[in-house]
Each structure stands twice: as C-alpha cells, then as structure tokens.
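Undergrad: My structure is below; once you've seen it, I'll send some questions.
The values are calculated or read from the model by the stated rules, or taken from the named source; none is laboratory data. Just so it is clear, the structure is predicted and the values come from calculations on it, not from any experiment. Cβ sites come from the backbone with ideal geometry, for glycine too, and all protein chains shown count toward neighbours.
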C-alpha cells in the first residue's frame, strides 16, 4: 500500500478521478465525489516526512513531491476541506461543479507539495482555471444572474491569470540570476525575479489594494462554490509566502493593515457572504504578520491559524450557504428569525462565529494567540495593539453581526425547512473540529512546522484567556450599545465603494474617453493631411494642366536646353561649394 502511495503525487487521485465524475450518475457519482478526497488523504498520510519524488520533463528536473512538516499540515487541512466541501455539495446535480471542485482542490494540494517553482506555476495556474467555473456555475443555477456571473468570473480569471504571469516572469528572472528553480526560502533580495514572485503570491493572498477580487468573486459563486473558493486559493498563497518569504519584514505592516481595514467595510456591508469575505482578509492579515516575523513560534501560529481558519470560515460560509439555499438571499436587511426553522444551522453558525472571534475553548483562540504571542515576543507594541483592535473588530462583524442578523434580528416571517442532511453533516463535522482543536490543541500542535516549540506553548495561560475575554466582552457591549442608540449602521441594500472602484468604474471611463479623444485626434489629423494633399494636387493642376498651366504646355527644344543647362549649373555650384 505504501509503495502504491509513493507512485502518485498528493492530489493526483483527485485530478484523475475528476475525469470519471461526468461518466457516472446519481448515488454512484455522490459516492465517488466524496471518496476521492478521502482516498487522497489516506495516500498522503502514508507518505513519510522527508519523502521526495522527482522526474525529468522537457529537460527540467521537476521536484513533484516534497513532504515536510509545512507542506504536510497544509496538505492535511486541504484534504479535510475537500471532503467537507464535497459532502456539502451533494445536492448539486450538474457534474461541472463537482469536477471543478476536485480539480481545484487537487491542484492546490499538488502545489503545496511542489518542491520546484515550475511545478508550482503549473498547479498555480490550474487552480485559477478550475476555480472560475464555480463562479460561472451560478449562472447555470440562476439564469437571472448569468450575465453578472460571467462578468465577475472574467474579472476573477484576469486577476488569477495575472498572478500567474507575474509568477512566471519572476521564475524566469530568478532562474537567470541564480541558475536554480528550487522552491525554497528566498527573500526579496534573492534575485531580480523574487519581487515579482512576491507580488504574485501577494495577489492571491489578497494584499491591500489587491484584495477586491475576493469580495467581488466569492459571494457571487454558487451555494457550495463559495465554501470551496474560500478554502484553497488564499491559503495556498499563505503557504507559498511561508515557504518562500518567511521573515520578510515588509509582510508585518502589510498584514497589520489587512487585519484592520476590512472591519469598516464589513460593518457596512449588507450581503452576509460578502461580510465573511471581508473577514477573510482580516484573518489572512494575522497569518501574514506571523510569516513576516519569521520566528518559529510565529510560523507555527501562521500555519495553525490557516488550518483553523479553513474550518471555521468554511463553517460560517456553509451556514450562510444553507440560508441562501433555503431562502434565496443572504442580505441582512431581508433575513431574521431563522433560528425558529433552522435551529441546527443556527447552532453551527454560532460555533463558527465564536471560533473566528477566538473565544476560549474553540480553535481560533489556540491558533491566533500564537501569532499575538509572537508579536509580543518581538516587542512590536504598535502591531500588537493593532491585532488586539482587529480581534475586537472581527468579533463585531463576523462573531455577532452574521449570526444576529441572519437568525435573530427583526423576524421577517421566514418559515423554511432546516438545511438538507448532507449540509448538516458537513457543518457538524466542521463544528466538531473547531471544538476539538480548541479543547485539545495538542492534536494540532504536533503537526506544526516546529512541534517542539509548539509543545512548549500554552495557549490557556491566564493572561491570554483574560485578555481575549475582555476584548470579546468589549466588542459585544459596543455592539449592544450602538444598536440601542441607533448608531450602528443600518442593514440596507447598498453598494460598498472599495478600491476596485478605480479599475471597475474610473479606469473603463478613462479608457473610453481616451479612445474617443484618440479617435477625434486621428480623424482631425487625417482630414488635415487630406486637405494638404488636395491643396498640393490643386497647385500641380494649376501649373501643369493646359491651357492655363505654363508647365503643362509643350516646350521648345531651345527652352528645354536652357533649363537643363541652368539646372546642371546649379547642381555643379552646390557640389563644389
């Protein structure tokens, strides 16, 4: 069995198995879709730490498999997410969405274990090409949104492929400068290509001003597609940054900004899936700060928080997906009172909300605290304060706002069925993992990149618990007071103007106006050229057309000889002068 496992690279079973999905129907398809990621996880667990596999293709020595502690923990959580996503999506009838999910997840897993930049690039691009179908599939299930889904998908694809183009450019320059395409820690100074690789990773990690594709695309995917999208792309970028740019200090301010700015947008946002998309940026910021610190504790925290985040963010998005599936909306202004008809979904959503808020006893607390402790050990008081403020903020918009407005506030009279059984199973497993990691953090810590450091870390120190409880109580109190005073932003249908307004609104108008100006200038220049030509032709006609044109009349031999001699004299004079 182990020998067979070593024949395949992680994720290959899912990539190959996805080809079989359109060939089967009904329960057999459902069983195949769920079984493939389970078998792939089993294959991964059979591979030993330190296992390597290489091959040669087109003259390149490719390092397809590198199993170490960093790749393994991301590989494990990617497999868990794939299993949960496939269970959650069993209601989907069309094969397209299942195939896209398996190819997308398999590509992300394969990229995680790639030991060279060329293999990474191939799987990096495959994640982009496969994931866009989860957005376009929304148009198949909801014809009224077909045009919107197409446009959003195209914007998403342009951003993702653009990231790949930058990555390829960086790889070529890095290879030219260093002669190596191994995927190892490099830093920004390693070569001319390193900054391009850094930006390529940053696009997929949703750096500030490069983040809008998340809020644009994720909420527009299908009910299950949003859960899948939130599980892989950005976390693959986190893995890539941890592998290639750990200790890059520039990441610290970038991550700190990422934890703060989404809070204000999320408070104003009416679409609850878009609220969770903004909170995704917030949580990524913690991981990026940890990677920027580069210490063993901070890197453990970044990896652990990515693991926990995939689970509790997936749980929150699954609960909102169930609401969308039953009601047809996730607008806070149209929801409320659903706890009466969807009690289990309500409970699971609250568990996810408490987890993302880092409530003691749940997964977010035992992972986020590692990063905050790493910042404290690095003596960065400003960053430390920013992260604490961001913790209170995420509690407000994801920990309180999402479950409150979806299930409790202003009962709108919704009386619907509970989420389907397969959705409840997926949410229940995710909730159990959130609780299990929070209660028994050692089960996760032993898989971290530096398990010895993790074993010495104690998340439930009195100061950690007290600080987090104080923050959560402050956030809850602030929410209640603002609601009672009527100061909290009302939940109204609206459009948040984010930085993507520049390239979605201003840039097209600039291009359109610029094109109009260029067309006007071209027409005027052409008309002017035609006028000059016509004037020249008229001048020639005046002087060369008989009977008025003297140059057009027949010349006598003597006149012709005289003019020829005169022109010859002028030429000789100019030559010898």
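Undergrad: Answer yes or no as to whether residue 91 is surrounded by 21 or more Cβ atoms within 10 Å (Cβ to Cβ) and either touching a helix residue (DSSP H, G or I) at 6+ places or on another chain (Cβ under 8 Å) or within 18 Å of residue 317 (Cβ to Cβ) (or both).
TA: No, not satisfied.
Undergrad: Follow-up. What tally of residues in the stretch 437-489 results from selecting those that are under 29 Å from the mean Cα position of the chain (by Cα) and in a loop (DSSP other than H, G, I, E, B)?
TA: Total satisfying the criteria: 7.
Undergrad: Of all residues in the stretch 411-435, how many are closer than 14 Å to residue 367 by Cβ and exposed (fewer than 15 other Cβ atoms within 10 Å of the Cβ)? Quick ask: steps written out before the conclusion?
TA: The first filter runs over the stretch 411-435 and keeps only residues closer than 14 Å to residue 367 by Cβ, leaving 433-435.
Still in the list and also exposed (fewer than 15 other Cβ atoms within 10 Å of the Cβ): none.
Residues in the stretch 411-435 being closer than 14 Å to residue 367 by Cβ and exposed (fewer than 15 other Cβ atoms within 10 Å of the Cβ): 0 in total.
Undergrad: Okay, moving on. Identify the residue in the stretch 188-199 that is closer than 19 Å to residue 159 by Cα and touching a residue at least 40 places away in the same chain (Cβ under 8 Å) and, among all such residues, is surrounded by the most Cβ atoms within 10 Å (Cβ to Cβ).
TA: Per the criteria, the residue is 197.
Undergrad: To continue, here is another question. What number of residues within the stretch 366-393 are assigned to a loop (DSSP other than H, G, I, E, B) and either surrounded by 24 or more Cβ atoms within 10 Å (Cβ to Cβ) or in contact (Cβ under 8 Å) with a residue 40 or more places away in the chain (or both)?
TA: 2
Undergrad: Cβ contacts < 7 Å: first residue not assigned by TED's automatic domain parsing to the domain that holds residue 539, restricted to the stretch 551-563; second residue modelled with pLDDT under 75 and surrounded by 11 or more Cβ atoms within 10 Å (Cβ to Cβ), any location; separation 6+ or different chain. Result?
TA: Pairs that qualify, where the first residue is not assigned by TED's automatic domain parsing to the domain that holds residue 539 and the partner is modelled with pLDDT under 75 and surrounded by 11 or more Cβ atoms within 10 Å (Cβ to Cβ): there are none.
Undergrad: Does at least one position in the stretch 407-414 carry a residue that is under 30 Å from residue 93 (Cα atoms), in a helix (DSSP H, G or I), out of contact with any strand residue (DSSP E or B) (no Cβ under 8 Å at 6 or more places or on another chain) and assigned by TED's automatic domain parsing to the domain that holds residue 282?
TA: yes
Undergrad: Now, a different point. In the stretch 1-43, what count of residues is obtained for those that are assigned to a helix (DSSP H, G or I) and touching a residue at least 60 places away in the same chain (Cβ under 8 Å)? I'd like the intermediate steps shown before the answer.
TA: Filtering the stretch 1-43 down to residues assigned to a helix (DSSP H, G or I) leaves 2-5, 12-17, 21-23, 26-43.
Filter once more, so that each one left must be touching a residue at least 60 places away in the same chain (Cβ under 8 Å): 12-15, 17, 21-22, 29-30, 33, 36-37, 40.
Going through the stretch 1-43 one residue at a time, the tally reaches 13.
Undergrad: Suppose we filter 67, 122 for residues that are touching a residue at least 40 places away in the same chain (Cβ under 8 Å) and closer than 21 Å to residue 16 by Cβ; which single one remains? I'd like the intermediate steps shown before the answer.
TA: Details: 122 fails: touching a residue at least 40 places away in the same chain (Cβ under 8 Å).
Exactly one of 67, 122 is touching a residue at least 40 places away in the same chain (Cβ under 8 Å) and closer than 21 Å to residue 16 by Cβ, namely 67.
Undergrad: With respect to residue 332, determine if the residue is at pLDDT below 90 and touching a strand residue (DSSP E or B) at 6+ places or on another chain (Cβ under 9 Å).
TA: yes
Undergrad: Sticking with this one: List every residue pair whose Cβ atoms sit under 8 Å apart, with the two residues 6 or more apart in sequence or on different chains, where the first one lies in the stretch 302-314 and is outside the structural domain of residue 448 (by TED's automatic domain parsing) and the second, anywhere, is not in a helix (DSSP H, G or I).
TA: none
Undergrad: Report yes if residue 423 is part of a helix (DSSP H, G or I), within 30 Å of the chain's Cα centre (by Cα) and more than 30 Å from residue 370 (Cβ to Cβ), otherwise no. Break it down stepwise before answering.
TA: On the way: part of a helix (DSSP H, G or I): yes; within 30 Å of the chain's Cα centre (by Cα): yes; more than 30 Å from residue 370 (Cβ to Cβ): yes.
Yes: the conditions hold for residue 423.
Undergrad: Would you confirm, using the coordinates I've provided, whether residue 363 is in the same structural domain as residue 286 (by TED's automatic domain parsing) and surrounded by fewer than 23 Cβ atoms within 10 Å (Cβ to Cβ)?
TA: Details: in the same structural domain as residue 286 (by TED's automatic domain parsing): yes; surrounded by fewer than 23 Cβ atoms within 10 Å (Cβ to Cβ): no.
It is false that residue 363 is in the same structural domain as residue 286 (by TED's automatic domain parsing) and surrounded by fewer than 23 Cβ atoms within 10 Å (Cβ to Cβ).
Undergrad: Let me ask something additional. In the stretch 51-65, is there at least one residue being part of a helix (DSSP H, G or I) and surrounded by 14 or more Cβ atoms within 10 Å (Cβ to Cβ)?
TA: The answer is no; no qualifying residue exists.
Undergrad: Please state which one of 202, 170, 244 is closer than 23 Å to residue 259 by Cα, touching a residue at least 12 places away in the same chain (Cβ under 8 Å) and over 12 Å from the mean Cα position of the chain (by Cα).
TA: Working: 202 fails: over 12 Å from the mean Cα position of the chain (by Cα); 170 fails: closer than 23 Å to residue 259 by Cα.
When all the criteria are applied, what remains is 244.
Undergrad: Can you tell which of 146, 93 is free of Cβ contacts under 8 Å to residues at least 12 places away in the same chain, outside any helix (DSSP H, G or I) and over 20 Å from residue 79 (Cα atoms)?
TA: 93
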